[in-house]
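First the structure, in the form of structure tokens, and then the observations on it.
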Amino acid sequence: MVLSVSTQDLTSFNTLQLHSRTRALVRYISPAQLGDLSRLVDQYRHVFVLGGGSNVVLAEHLGCLVIKVESRGVRVFEHNDRELIIEAQAGEIWHDFVSLCVASGWDGLENLALIPGTAGAAPVQNIGAYGVELEQRFHSLSVWDLRDRKMLEMGPGDCKFSYRDSFFKRAEPGRWLITAVRFRLPKPWKPVLEYSDLKCYPALMAPTHAVTATQIFDAVCEIRRAKLPDPARIGNAGSFFKNPIVTVARYNAIKALYPGLVAYPQDKGLVKLAAGWLIDQAGWKGRRMGKVGVHDRQALVLINHGGANADDIALLARAVRSDVAARFGVQLEQEPIPVS
């Protein structure tokens, strides 16, 4: 299959809406392209695989080959008394996929509604929200090794999931092209309502056995829309920083000075701190720095007020991290991947 490589403005290809351009972009649509893609990759020093552009900070001028993943397709991979396994091609829009699952009675992904991005990018980031982590629903994936020109099947252990992390975020960049992802939906389905916002949501306060996946899906969408800015209206990449995980001793020291500290106990004597709360207390919520700023409703979100580039975001992120470190002695880690 002949591949078309073109110069491309990527401003509309990233949810931060940062000015960005690449001299070489190719679109991945079908597995029939994989052999030719590998031969093309050999001609470039750097390669980046781009999904929905919701978890990246793109430099103004990219010197790499960009593979834009646009494959589509959803199917029932396996169905038995214990579980339903659904397969999505990597280019499927994540929210549309979750919506299709809920509408089809394939319950289990509803807590992950309205997260921007694609199905192929979901395991890279190990996305999670409202009490459910992707790894809890993950079955396996197919990934093409662009260097060695072969398809691999990877299970949960191979992907090495951790908090907002996976094998693919740490492995050789530009080598792996996820082509399809499969999700394990357990039967019978049980609602996940432990997250505080869901516990107090009126429509979900009925007895647990009466709550439906559609109700959870609708609740999550409404809560997210109330808290987070729509990337179609104002450029953002969702949560820009990971919630930092600290020792109990460090948590207690901060708590003694700031009794209102928002935190969540973790395994192995660790505590996860709410990064948004830290940023808010450091005085950044709603502040603007030139063309960029911190959202006025959710301090975890950095926004592009218009016309910004990666350097503008980097300066803002550095200032926020510096102030949080100075006040709390905690280092914030950026979630979106910088691409140059």
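The values are calculated or read from the model by the stated rules, or taken from the named source; none is laboratory data. From a predicted model like this one, the values you see are computed outputs, not experimental measurements. Heads up, the Cβs are rebuilt from the backbone with ideal geometry, glycines too, and the neighbour counts pull from every protein chain shown. Surface areas here come from the heavy atoms of the whole protein model, side chains and all, with no ligands, DNA or RNA. Shrake-Rupley method; radii C 1.70, N 1.55, O 1.52, S 1.80 Å.
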**Prompt:** Ignoring ligands, DNA and RNA, what percent of the accessible area of region 91-208 is carbon or sulfur (1.4 Å)?
**Reply:** 55
**Prompt:** GNM on the chain, C-alpha springs below 10 Å: top fluctuator among Lys68, Lys190, Lys285?
**Reply:** Lys190
**Request:** Calculate, for the chain, the solvent-accessible area per residue in square angstrom, rolling a 1.4 angstrom probe over the heavy atoms of the protein chains.
**Result:** 46
**Prompt:** When the helices in the chain are scored as -39500 (n - 2.57) per DSSP H run of 4 or longer and the sum is shared across all residues, what 222 nm value do you end up with, to the nearest 500 deg cm²/dmol?
**Reply:** -7000 deg cm²/dmol
**Request:** Please compute the Cα-Cα pair-distance distribution of region 138-289 with 5 Å bins starting at 0, giving whole percents from short to long.
**Result:** 1, 6, 11, 12, 13, 17, 17, 12, 7, 2, 1, 0
**Request:** Might you report the magnitude of the Cβ-based charge dipole of the chain about its Cα centre, with Lys and Arg at +1 and Asp and Glu at -1, to the nearest 20 debye?
**Result:** 720
**Asked** If each Cα of region 162-222 is one equal point scatterer, what is log10 of I(q)/I(0) from the Debye formula at q = 0.12, 0.29 Å⁻¹?
**Response** -0.52, -1.25
**Prompt:** Once you sort the root eigenvalues of the Cα gyration tensor of region 286-340 as a ≥ b ≥ c, which label holds: rounded (a/c under 1.5), prolate (a/b larger than b/c) or oblate (the other case)?
**Reply:** oblate
**Item:** Length-normalised contact order for the chain - Cα pairs under 8 Å, 6+ apart - percent
**Value:** 18
**Prompt:** Given Val66, Leu100, Leu114, which one lies farthest toward the positive end of the charge dipole of region 41-117, if we put +1 on the Cβ of every Lys and Arg and -1 on the Cβ of every Asp and Glu?
**Reply:** Val66
**Message:** Along each principal axis of its Cα atoms, how long is region 23-75 end to end? Whole angstroms, biggest number first, please.
**Reply:** 37, 28, 13
**Complete:** Across all Cα atoms of region 103-190, Rg and the largest Cα-Cα distance (Dmax), in Å, are 13.4, 42
**Prompt:** Going by the alpha-carbon gyration tensor, a ≥ b ≥ c the square roots of its eigenvalues, is region 44-108 rounded (a/c under 1.5) or, if a/c is not under 1.5, prolate (a/b greater than b/c) versus oblate?
**Reply:** prolate
**Prompt:** Once you put a point 7 Å from the Cα of Ala210 and another 7 Å from the Cα of Ser196, both along the Cβ direction, what distance in nm separates them?
**Reply:** 2.7
**Fill in**
Under Stokes-Einstein, region 239-340 at 20 °C and 1.002 mPa s, with its Kirkwood radius over C-alpha pairs, diffuses with a coefficient in µm²/s of 152
**Request:** Could you tell me which of rounded, prolate or oblate describes the chain, using a ≥ b ≥ c as the square roots of the eigenvalues of the alpha-carbon gyration tensor, with rounded for a/c under 1.5 and, failing that, prolate when a/b is larger than b/c and oblate otherwise?
**Result:** oblate
**Request:** Would you list, by chain and number, the aspartates and glutamates whose Cα falls below 19 Å from the Cα of Lys68, excluding same-chain residues fewer than 8 positions away?
**Result:** Asp9, Asp36, Asp42, Glu60, Glu92, Asp96, Asp145, Glu172
**Item:** Relative contact order for region 73-164, counting Cα pairs under 8 Å that sit 6 or more residues apart, in percent
**Value:** 19
**Message:** Using 0.36 nm times the number of residues separating His79 and Ser340, minus their current alpha carbon distance, what extension gain do you get?
**Reply:** 89.7 nm
**Asked** Given the Cα-Cα distance of Leu257 and Ala319 and 0.36 nm per residue of separation, how much length would full extension add, in nm?
**Response** 20.1 nm
**Asked** How much length, in nm to one decimal, is gained on full extension between Gln43 and Arg147, taken as 0.36 nm per residue of separation minus their Cα-Cα distance?
**Response** 36.3 nm
